[in-house]
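The values are calculated or read from the model by the stated rules, or taken from the named source; none is laboratory data. Since this is a predicted model, take the numbers as computed values, not measurements. Here Cβ is always computed from backbone atoms with ideal geometry, including for glycine, and neighbour counts include all displayed protein chains.
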Amino acid sequence: MRLEKTFIPYGAYWSTPFARWQGALASHHPLRLAAESGRRALAARGVDLRTCSSLVLGVTVPSRHAFYGAPWVAAMMGAPELTGPTLMQACATGARCIASAAAEIECGGGEAVLVVTADRTSNGPHLYYPDPSGPGGRGEAEDWVWDNFNCDPVPKNAMVETAENVAREAGLSREAQEAITLRRYEQYQDALKDRCAFQRRFMALPFELKDASGRKTLATLEGDEGVHPTTAEGLARLKPLLPEGTVTFGTQTHPADGNAGLIVASRDRARAMSKDAVTVRLASFAQANAKKGYMAQAVAPAAKKALADAGYSASEVSIKTHNPFALNDLLLGRELGVAPESFNNFGSTLVYGHPQAPAGTRLVLELIEELVLKGGGRGLFAGCAAGDTAAALCLEVSCR
């Protein structure tokens, strides 16, 4: 899908730090947290939500009262007049929400759309599905997070099995996966330099969660929680997750909690809302599917379609990826003809964690800020998602 009329107001966005599973954000409602985080961040940037025409909410893990979705979040953010859909597309949710907001701008449905993405993998719901026709009238139970991580109902395999399928077919060795993992951790250290100067461009640090009165601090995060010191020796000592496999706990991501959001707008509205003389134009969105049981294979075709729709070449773009497995980047680099060491500057979800819906949103914000630091340029975000799928989008940053 080629985009021509859609922009992101520079600075009209935010992300919280990502907290490890069962960590600092584990007991806090993800939508209440997202509403408060977004309200504070946008107010600090002087953004008036009354200028927005609608809201798109992205979540993948249900929480209490999530039935009320986007209108509830809008009300908590102080904009009760806004409404819109709640979307779920696994780890493609962030890109999909941005694309859905962009479609509204492209067709003239509004001048500015708020996008909020939030998830809490910690303390996910344990569901019971009644079935009076079952043996003894017994129903079925599901742990929303772990049961779905561990079994795709079509190929009937876990996500880590999809990674091993790709590693085996593509000849991606454990050693190559560990080498690119070390590179990603090195790149993440650049985001932490000068008291996290890069992350502070889109993230309030330290992040403090207040109670309803605004007086009591419930949680404080100095930065991403759950990032482990990583060395070549440490990676080499880890056992594969599957017998005779190549993927270890060190070369895959970890579940996490957090939220991120942004505003998508027309050219004129984006210019009025931007904090500096920076223009961020969305150029395209695409998605793709891979053969069942080979999730990482979907990223390259999605990326190639987004690049083609935007009229960009892989050699000219800065790239950010959602990479739950290190091998994702090895395969994407091979398919695009780009050295995998050259992309994911300042880190990726492989390092700082995997709260599904906001993962892609945060990576898009990082891509924007990386391009601003370069003085402008073109960028590609791409990442895989459950169901052996992937999503990608292209954007262009101009600094005047």
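Being farther than 29 Å from residue 384 by Cα and either touching a Cys at 6+ places or on another chain (Cβ under 8 Å) or modelled with pLDDT of 95 or more (or both) is the filter here, so list the residues in region 79-121 that pass it. Write out each step before concluding.
First, pick out the residues of region 79-121 that are farther than 29 Å from residue 384 by Cα: 79-82, 108-111.
Selection gives 79, 80, 81, 82, 110, 111.
Taking region 371-390 only, how many residues are over 29 Å from residue 63 (Cβ atoms) and crowded, with 22+ Cβ neighbours inside 10 Å?
Going through region 371-390 one residue at a time, the tally reaches 3.
Could you list, in sequence order, the residues of region 253-268 that are surrounded by fewer than 21 Cβ atoms within 10 Å (Cβ to Cβ) and out of contact with any Gly (no Cβ under 9 Å at 6 or more places or on another chain)?
Passing the criteria: 267, 268.
Do the conditions hold for residue 19, that is, is it of a type in the set (Gly, Ala, Ser), touching a Leu at 6+ places or on another chain (Cβ under 9 Å) and under 23 Å from residue 202 (Cβ atoms)?
Numbers: of a type in the set (Gly, Ala, Ser): yes; touching a Leu at 6+ places or on another chain (Cβ under 9 Å): yes; under 23 Å from residue 202 (Cβ atoms): yes.
Against the criterion (of a type in the set (Gly, Ala, Ser), touching a Leu at 6+ places or on another chain (Cβ under 9 Å) and under 23 Å from residue 202 (Cβ atoms)), residue 19 qualifies.
So which of 322, 354 ends up being out of contact with any helix residue (DSSP H, G or I) (no Cβ under 9 Å at 6 or more places or on another chain), within 27 Å of residue 151 (Cα to Cα) and touching a residue at least 60 places away in the same chain (Cβ under 8 Å)?
Matching residue, one of 322, 354: 354.
Let me spell it out: the conditions are (1) surrounded by fewer than 18 Cβ atoms within 10 Å (Cβ to Cβ); (2) touching a residue at least 60 places away in the same chain (Cβ under 8 Å); (3) among the charged types (D, E, K, R); (4) under 25 Å from residue 117 (Cβ atoms), and residue 281 meets all of them except one. Which number is the exception?
That leaves (1) as the condition not met.
Pick from region 18-49 the residues that are under 19 Å from residue 363 (Cα atoms) and touching a Phe, Trp or Tyr at 6+ places or on another chain (Cβ under 8 Å): which of them is surrounded by the fewest Cβ atoms within 10 Å (Cβ to Cβ)?
41
Matching residues to (1) more than 19 Å from residue 225 (Cβ to Cβ); (2) outside the structural domain of residue 387 (by TED's automatic domain parsing); (3) of a type in the set (Lys, Arg); (4) in contact with a His (Cβ under 6 Å, 6 or more places away or on another chain):
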| site | (1), (2), (3), (4) |
| --- | --- |
| 150 | yes, yes, no, no |
| 167 | yes, no, no, no |
| 173 | yes, no, no, no |
| 184 | no, no, yes, no |
| 208 | no, yes, no, no |
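Return only the number of the condition from (1) crowded, with 18+ Cβ neighbours inside 10 Å; (2) out of contact with any Leu (no Cβ under 6 Å at 6 or more places or on another chain) that residue 102 does not satisfy.
(2)
Condition first: more than 17 Å from the chain's Cα centre (by Cα) and of a type in the set (Gly, Ala, Ser). Now tell me which residues in region 224-271 satisfy that.
Let us first name the residues in region 224-271 that are more than 17 Å from the chain's Cα centre (by Cα), namely 228-251, 265-271.
Once the filter is applied, which keeps residues that are more than 17 Å from the chain's Cα centre (by Cα) and of a type in the set (Gly, Ala, Ser), region 224-271 yields 232, 234, 236, 245, 250, 265, 266, 270.
Report those helices (runs of 4 or more DSSP H) wholly inside region 214-318 carrying at least 1 residues which are outside the structural domain of residue 328 (by TED's automatic domain parsing) and charged (D, E, K, R).
232-237, 267-273
Answer yes or no as to whether residue 117 is surrounded by 21 or more Cβ atoms within 10 Å (Cβ to Cβ) and closer than 20 Å to residue 68 by Cβ.
Answer is yes for this residue.
Among the listed residues 365, 373, identify the single one that is farther than 25 Å from residue 173 by Cα and either out of contact with any strand residue (DSSP E or B) (no Cβ under 9 Å at 6 or more places or on another chain) or without any contact (Cβ under 8 Å) to a residue 40 or more places away in the chain (or both).
373
Scan region 218-239 for residues that are farther than 20 Å from residue 354 by Cα and either surrounded by fewer than 11 Cβ atoms within 10 Å (Cβ to Cβ) or modelled with pLDDT of 95 or more (or both) and jot them down.
Hits for region 218-239 are 231, 232, 233, 234, 236, 237, 238, 239.
Pick from 338, 372: which is assigned to a helix (DSSP H, G or I) and β-branched (Val, Ile, Thr)? Can you show your working first?
Values: 338 fails: assigned to a helix (DSSP H, G or I).
The conditions single out 372.
Go through region 94-158 and tell me which strands (runs of 3 or more DSSP E), entirely inside it, have 2 or more residues that are under 20 Å from residue 12 (Cβ atoms).
112-120
In region 49-70, what residues are among the small types (Gly, Ala, Ser) and not in a loop (DSSP other than H, G, I, E, B)?
Once the filter is applied, which keeps residues that are among the small types (Gly, Ala, Ser) and not in a loop (DSSP other than H, G, I, E, B), region 49-70 yields 54, 58, 66, 69, 70.
Take residue 361 and decide whether it is surrounded by fewer than 24 Cβ atoms within 10 Å (Cβ to Cβ) and β-branched (Val, Ile, Thr).
No.
Which pairs turn up if I take residues in region 182-208 that are more than 19 Å from residue 12 (Cα to Cα) and look for partners that are β-branched (Val, Ile, Thr) and part of a helix (DSSP H, G or I) with beta carbon separation below 9 Å, at least 6 apart in sequence or on another chain?
184/351; 185/351; 187/351; 188/351
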